[in-house]
1. Looking at ILE550, is it part of a helix (DSSP H, G or I) and at pLDDT 95 or above?
2. Take the residues in region 553-585 that are among the aliphatic types (A, V, I, L, M) and in a helix (DSSP H, G or I); name whichever of them is farthest from LEU49 (Cα to Cα).
3. Could you please find all residues in region 69-91 being out of contact with any Ser or Thr (no Cβ under 7 Å at 6 or more places or on another chain) and crowded, with 21+ Cβ neighbours inside 10 Å?
4. From the list TRP602, TRP593, which one is crowded, with 16+ Cβ neighbours inside 10 Å, more than 40 Å from the chain's Cα centre (by Cα) and of a type in the set (Phe, Trp, Tyr)?
5. Limited to region 832-857, what total is found for residues that are surrounded by 14 or more Cβ atoms within 10 Å (Cβ to Cβ) and closer than 30 Å to PHE806 by Cα?
6. Would you check if there is a residue in region 796-814 being under 24 Å from SER742 (Cα atoms), out of contact with any Ser or Thr (no Cβ under 7 Å at 6 or more places or on another chain), surrounded by fewer than 16 Cβ atoms within 10 Å (Cβ to Cβ) and at pLDDT below 80?
7. Please specify each residue of region 636-686 satisfying the condition of being within 37 Å of the chain's Cα centre (by Cα) and among the charged types (D, E, K, R).
8. For region 51-108, give me each residue that is more than 28 Å from ASN545 (Cβ to Cβ), among the small types (Gly, Ala, Ser) and either out of contact with any Gly (no Cβ under 9 Å at 6 or more places or on another chain) or part of a loop (DSSP other than H, G, I, E, B) (or both).
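The values are calculated or read from the model by the stated rules, or taken from the named source; none is laboratory data. Note that this is a predicted model, so its numbers are computed, not measured. Methodologically, a virtual Cβ is constructed for each residue, glycine included, from the backbone with ideal geometry; neighbour enumeration extends over all protein chains shown.
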Amino acid sequence: MISKTYAPQEIEDKWYSYWIDNKFFQSKPNPDKEPYTIVIPPPNVTGVLHMGHMLNNTIQDILIRKARMEGKEACWVPGTDHASIATEAKVVAMLKERGINKRDLTRDEFLEYCWEWTHKYGGIILKQLRKLGASCDWDRTRFTMEPDLYDSVIDVFIDLYNKGEIYRGHRMVNWDPQARTTVSDEEVIMKEVNQKLVYLKYPLVDEIGEALTDEGMIIATTRPETIMADVAICINPNDERYQHLIGRRVAIPLIDRTIPIIADEYVEMEFGTGCLKVTPAHDNNDYVLGKRHDLPIIDLLNEDGTLNEKAQILVGEDRFVARKKIIKLLEESGNLVKTEEYKSNVGHSERTNSVIEPRLSEQWFLKMEKISKPALENVMNDTVQLLPPKFKNTYRHWMENVHDWNISRQLWWGHRIPAYYLKDGTMIVAKSKREALRKAQHEYQLFALTEEDITQDPDVLDTWFSSWLWPISVFNGIKDPDNEDINYYYPTNDLVTAPEILFFWVARMIIAGYEYKGTYPFKNVYLTGIVRDKLGRKMSKSLGNSPDPIDLIDQYGADSIRTGMLFSSQAGNDLPYDDKLVEQGRNFGNKIWNAFRLVKGWTVDSEIPQPDSSALAIQWFESKLNQTLAEVHDHFSKFRISDALNSVYKLIWDDFCAQYLEMLKPGFEQPIDLNTYDSTLDFFDRQMRLLHPFMPFISEEIWQNIIEREANDSICIAHFPQAGESDQALLNDFDILFELISSIRNLRNSKGISPKTTLPLAIRTDSRERYESLETLIIKLANVEAIRYVTEEGEGTSFRVKSDEFFINLADELDVESEKENLEKELAYTQGFLDSVLKKLSNERFVQNAKGDVVEKERQKQADAEARIGVLKEALARLG
């Protein structure tokens, strides 16, 4: 018994458990099948499902389910990323709630808490993906910190170091004071902020540091808290205002130190006061300038963004507190000239939102110029395709201007850098302390050395340094480069991800693929858009504009969410999310369910013959189905997933439910013939298989109820339907049929005539054969009498469909005088409308000054009104 209403909450868990129990998602290398592989973009182990995940994983599931139904060995590998910065932040917050400070713990003690957090919360997002219907091979779930993947990362580091591609050096880096670690350029988000531009005077001094007069250099800065780290004042050598001061010295306000005035063409004379304070430790450009002039470096900030002893004043104060206090001190000392409100772009950490500090630090780097060349070349020549291709320009810009990759992070949670130091500073890169000891003993003849004499580098590797190996390491392709899985599943087929990590992750995976497997890691990269709210804002917890995906699934069902997310989601374009899209998905599910209940509720009589109208309807829908299947396959081949869904939606809602079922449904309590019934169930079967990748739950429920299925059978392993032949001439005829039926129904509605009233119909056409073949359907759907064909103008109301003219004599059904009165009113209104349009078009100023499309619209209004007036006059003439 099929329930009256579709209740997704009652069937989704049932079918997902059924799929898992029967291992439909499991995959093993099969030489008799073509592999189709997707690796999941591993979400953070600390994460929970958000709307971006919903879109991304829905698309992946659609692709993998379709491939599975096409008979391919479909393998979707799930997993999570250890997310060094994010996880440490979560664990530190947890410890704070327990009254524990990370700085009071040993490294091993802290890592125990990290593992505790991971085991407790790490599987949440993967469990949530099950609610969405994700058909991953869960037995293959990987985690970037599990032993095999950990070893793979360390092996790659050692290999690249031995090749001379990894080095250790002092560089200016992006420092996150909250996380107390470096972050890459790509993890710095520029935000416009309101600041104060502070103008202050540096007094000129003599050789012994005594102030000469009130004369001084006026400097404008947004960072007065760094003046104590200034090492020079720089001017342009061509600036006549200051040329006489080159070589002189000024005193830094508030502290007892003087600095020189130097010249460099880097300074723009027109910007600000034309004077630049040089602070090499706290600005990238100043660092370059300082190196060029051999200036000292003074770093006055601690790791946490507080001022250290080198600042001399306000030691221990947070940088932003110090900024406010120094402005007040400058005012009290007489060195403050003025302040102005100022807007500028300031870098923020993507992970913590803390303002980034440029900082000189010793870090580990991977040389990128040579290793990245194959990844640039093979995207540019479409060996790896970016979809949509508009992102190739962004990719090329990044890769042609690539910088060495800072791969070290000052954290404890992550893959620890395999570098070991002897007490004399000698460094040995090795897989373990024991191996480092053996190297020290054999290479340096230090046989008395013990493991206690060796210290490992405290830093861990950038999280991306593990995830760039993901398509290889999930199949153990680094540790065991010739194993069965890597040889069968690699390279993978498609990657679905977000454009914002195109360089972070996608480019680096391509680099690793060519470096370690000699080929690309995936053939296609489908780049989704960003899910935004109705106001165009990116969804975020802080804005409170992001619904909880699990709440949405509980309310609407997973199928509704999946289709709702896709209805307006073109590749690479942002998705304007609205609950109405999800409601549309829910309505679609209800439409399908009610149509199925209708068909299964018919009484079937195998003795009655099939009506001609039903046979014709079946012939038409067969062609329509095949036409749509061809469209869908074409959309998939071009990764137009949203377009494919919309084609399926139109087929089921408009063509099947609104047209086909209407053409053949029997009268009240009348039976239907067996041939028509069987054909309709067959159409249902094929449509559900077509729908399955998009809406897996309702399609499985209906498919299982179409006929009695074998035990352990499922739509998810049934064949995806293929396109057959379409009769285009028949499809064209039916387009005319539907327009004709619509015109007759609209006429009834406008005249208030009941659908039960049979109307006379006359047709004037040069294609009589077409309408004769459609007569049974015209009579049934429009409720007309036997059709007459005329060569002259017929009686009654007329209308056109394409080049043919149709006449319905409503004299017996209408009050002629009332109808004439209505027509005359409409004629008068239309004539008045036409007069107003003509008046506007006769105005030369309007025609000359208005935009071309505006004028063209007015001319179209004129043409439409004139045509309508002609029709109204003809109708009045017929009524006498």
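1. no
2. Initial filter on region 553-585 (among the aliphatic types (A, V, I, L, M)): 553, 558, 561, 565-566, 571, 575, 581-582.
This time we only want the ones that are in a helix (DSSP H, G or I), so: 553, 558, 561, 565-566, 581-582.
Working: ILE553: 12, ALA558: 13, ILE561: 13, MET565: 14, LEU566: 17, LEU581: 19, VAL582: 17 Å.
So, considering only residues that are among the aliphatic types (A, V, I, L, M) and in a helix (DSSP H, G or I), the one farthest from LEU49 (Cα to Cα) is LEU581.
3. Just the residues of region 69-91 that are out of contact with any Ser or Thr (no Cβ under 7 Å at 6 or more places or on another chain), to begin with: 69-72, 77, 80, 88, 91.
If the condition is that a residue be out of contact with any Ser or Thr (no Cβ under 7 Å at 6 or more places or on another chain) and crowded, with 21+ Cβ neighbours inside 10 Å, then VAL77, THR80, GLU88, VAL91 are the ones that fit.
4. Numbers: TRP593 fails: more than 40 Å from the chain's Cα centre (by Cα).
It is TRP602.
5. If we filter region 832-857 for residues that are surrounded by 14 or more Cβ atoms within 10 Å (Cβ to Cβ), which is where we start, we get 833-834, 837-838, 840-841, 846-847, 850, 855.
This time we only want the ones that are closer than 30 Å to PHE806 by Cα, so: 833-834.
Qualifying residue count, region 832-857: 2.
6. Just the residues of region 796-814 that are under 24 Å from SER742 (Cα atoms), to begin with: 796-814.
If we keep only those that are out of contact with any Ser or Thr (no Cβ under 7 Å at 6 or more places or on another chain) too, we end up with 796-798, 800, 802-803, 809, 811-812, 814.
Filter once more, so that each one left must be surrounded by fewer than 16 Cβ atoms within 10 Å (Cβ to Cβ): 800, 802-803, 811-812.
Subset that is at pLDDT below 80: 811-812.
Yes: region 796-814 contains one or more residues that are under 24 Å from SER742 (Cα atoms), out of contact with any Ser or Thr (no Cβ under 7 Å at 6 or more places or on another chain), surrounded by fewer than 16 Cβ atoms within 10 Å (Cβ to Cβ) and at pLDDT below 80.
7. LYS638, ARG640, ASP643, LYS650, ASP654, ASP655, ASP682, ASP685, ARG686 - these are the residues of region 636-686 that are within 37 Å of the chain's Cα centre (by Cα) and among the charged types (D, E, K, R).
8. ALA67, GLY71, ALA74, GLY79, GLY99
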